[in-house]
Amino acid sequence: MSGTFVGMPAFPKAAHEAVNNPTLRGNLRHATHTIRAKRAGAVAEVSDWAELREAGKRIKDQTLRHLDRYLLQLEESVTAAGGTVHWAADADEANRIVADLVRATGETEVVKVKSMATQEIGLNEALEAEGIRAYETDLAELIVQLGQDRPSHILVPAIHRNRGEIRDIFRREMGEWGRPAPEGLSDTPAELAEAARLHLREKFLRAKVGVSGANFMVAETGTMVVVESEGNGRMCLTLPETLITVVGIEKIVPTWQDLEVFLQTLPRSSTAERMNPYTSTWTGTTDGDGPRAFHLVLLDNGRTDTLADEVGRQALRCIRCSACLNVCPVYERAGGHAYGSVYPGPIGAILSPQLRGTASEIDASLPYASSLCGACYEVCPVAIDIPEVLVHLRERVVEGGEAVRNGNKVVLKPAKGHAAERAAMRAARWAFSHPAALRTGQRLASRSRRLHPRTLPGPGRAWSGTRDLPAVPAEPFRDWWQRTGGGKGDAK
């Protein structure tokens, strides 16, 4: 696989390489600007968007506060409907459960619905190690899989590829995975989609086991919900004899009435549609209709630890719409691979370090993968204050402190490489606590401003290498205020 996640360099290095790729930047700029403009139009049609956004936030927060109760209710509902519920504490346990379930059927192939949770745990690779081949059926995921690549966007995983690259991948790789690409395949969208349809159809008709995620789970009925735009998910959910669904525990909503809110906000925020072309729901099993066996794997994998963080837990509201990626100036230039996670962009910068911890170099760097401009918060349909969580996680990286890992309270050590930052922040804290010293320092800075360097020395060079140092004013604000009587002396 190219673009591996764990073991990748920290974000600054990975992003530096990405921004020097003009093809990548061109692909990202075109795609994100197009999606962004369409989303803005779709949202503008809704007169009560602010109220829907607030409702989604409150539903999610209320559910997270009582997550234990709703998960038990969900288990009872799924079991009563003929399904089987499995609990997975981490990725290894989830992969083991799924592999055992597939082996029990005697099959060596599965078809998959697009799923962030299965990407998060590396399910495809785990199944391959057990001699089981997983076929992605979402068009963008198919492109990524055939190209031996990694997804770089939550909604459109192949956003970093253009039509010519996709055509070449199909011509080169389709024959190794099944039906080859048609002779003379061009790069027109219609021909590429038709090639994918023909390639996948034989897999849909042959598969006995399907694997999916779910956008939502309804606790009161045990219903799973998948929204999509292509129809491939519907094929995976209805044709196989066995269906295995892997879902993060935060994807639950209490009632169908709660679901109504998200079925309005998710499509407009993600695909800029009034509703998704395909909204599939299923509840357990039904004789003569759909899979004969249904298994639900409820995945924790760091979510309970995240829930214990009063500031960071709001990341669990995320409904994976990807709106934050499409407005983020950092993502637009660096792309998704630089984040070293299946969750790229602003949401990935706060979710991955909480699910995985901040011990690794890549995870310690993610909270800094942002300009803190706040555009992500403005478009989030569940009002996740991403800048607030970014600052919170930066403090954790620099200062260390208490956190919960694997269900246990631990004291994290400060990350390496932040000694100068800690010293600067402590000096600032001391100065702000001593007004006389602060006033003296401001006056000295103003009077010596002509001697100030244009770039910072030492570790500060990394900051000033891409930014202009702000000019120091001729006099401190306090002196100006005292001299002018709060501005009255300057009035004309």
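Data for the structure
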read-out	value
Pair list, Cβ < 6 Å and 6+ apart or interchain, from segment 187-203 residues that are under 10 Å from I166 (Cβ atoms) to residues that are open to solvent by 10 Å² or more (accessible area, probe 1.4 Å) and part of a helix (DSSP H, G or I)	D187/R163; D187/G164; D187/R167; L192/I166; A196/L139
Matching residues, segment 271-280, being crowded, with 19+ Cβ neighbours inside 10 Å and either at pLDDT 95 or above or of a type in the set (A, V, I, L, M, F, W, C) (or both)	A272, S280
Residue list for segment 405-461, restricted to those being touching a helix residue (DSSP H, G or I) at 6+ places or on another chain (Cβ under 9 Å), among the hydrophobic types (A, V, I, L, M, F, W, C), closer than 27 Å to P353 by Cα and not in a helix (DSSP H, G or I)	L412, A415
Residues (of a type outside the set (A, V, I, L, M, F, W, C) and not in a helix (DSSP H, G or I)) located in segment 238-272	P240, E241, T242, T245, G248, P254, T255, T271
So G131, is it farther than 19 Å from A214 by Cβ and out of contact with any Ser or Thr (no Cβ under 9 Å at 6 or more places or on another chain)	no
From the options A104, A140, residue that is over 21 Å from A196 (Cα atoms) and outside any strand (DSSP E or B)	A104
Residue pairs meeting the criteria (Cβ under 6 Å; at least 6 apart or on separate chains; first surrounded by fewer than 24 Cβ atoms within 10 Å (Cβ to Cβ), in segment 375-389; second of a type outside the set (A, V, I, L, M) and in a loop (DSSP other than H, G, I, E, B))	Y377/D385; P387/G374
Helices (runs of 4 or more DSSP H) fully within segment 1-100 counting 3 or more residues that are open to solvent by less than 70 Å² (accessible area, probe 1.4 Å) and either touching a His at 6+ places or on another chain (Cβ under 9 Å) or of a type in the set (F, W, Y) (or both)	11-19, 22-44
Answer from L351, L372, L316, L355 - the residue that is among the hydrophobic types (A, V, I, L, M, F, W, C) and more than 28 Å from H33 (Cα to Cα)	L355
Any hit, segment 99-110, residues being acidic (D, E) and free of Cβ contacts under 8 Å to residues at least 60 places away in the same chain	yes
Residue that is farthest from K114 (Cα to Cα) [pool: residues in segment 219-237 that are free of Cβ contacts under 8 Å to residues at least 60 places away in the same chain and not in a helix (DSSP H, G or I)]	V225
Among residues of segment 162-186, those that are open to solvent by less than 70 Å² (accessible area, probe 1.4 Å) and either in contact with a strand residue (DSSP E or B) (Cβ under 8 Å, 6 or more places away or on another chain) or of a type outside the set (F, W, Y) (or both), counted	17
Single unsatisfied condition, P240 versus (1) more than 26 Å from L307 (Cα to Cα); (2) in contact (Cβ under 8 Å) with a residue 60 or more places away in the chain; (3) of a type outside the set (S, T, N, Q); (4) surrounded by fewer than 19 Cβ atoms within 10 Å (Cβ to Cβ)	(4)
Matching residues in segment 356-377 - criterion: being within 15 Å of the chain's Cα centre (by Cα) and either within 15 Å of V398 (Cβ to Cβ) or in a loop (DSSP other than H, G, I, E, B) (or both)	D363, L366, P367, A369, S370
Failed condition for H418, given (1) more than 23 Å from T63 (Cα to Cα); (2) touching a residue at least 24 places away in the same chain (Cβ under 8 Å)	(2)
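Matching residues to (1) open to solvent by 40 Å² or more (accessible area, probe 1.4 Å); (2) of a type outside the set (D, E); (3) modelled with pLDDT of 95 or more:
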{"site": "W282", "(1), (2), (3)": "no, yes, yes"}
{"site": "F294", "(1), (2), (3)": "no, yes, yes"}
{"site": "D309", "(1), (2), (3)": "no, no, yes"}
{"site": "G312", "(1), (2), (3)": "no, yes, yes"}
{"site": "V342", "(1), (2), (3)": "no, yes, no"}
{"site": "I350", "(1), (2), (3)": "no, yes, yes"}
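The values are calculated or read from the model by the stated rules, or taken from the named source; none is laboratory data. Keep in mind it's a predicted model, so treat the numbers as computed, not measured. Every residue, glycine as well, gets a Cβ built from its backbone with ideal geometry; the counts of neighbours run over all protein chains shown. Protein only, heavy atoms only, side chains kept; ligands, DNA and RNA dropped before computing areas. Shrake-Rupley method; radii C 1.70, N 1.55, O 1.52, S 1.80 Å.
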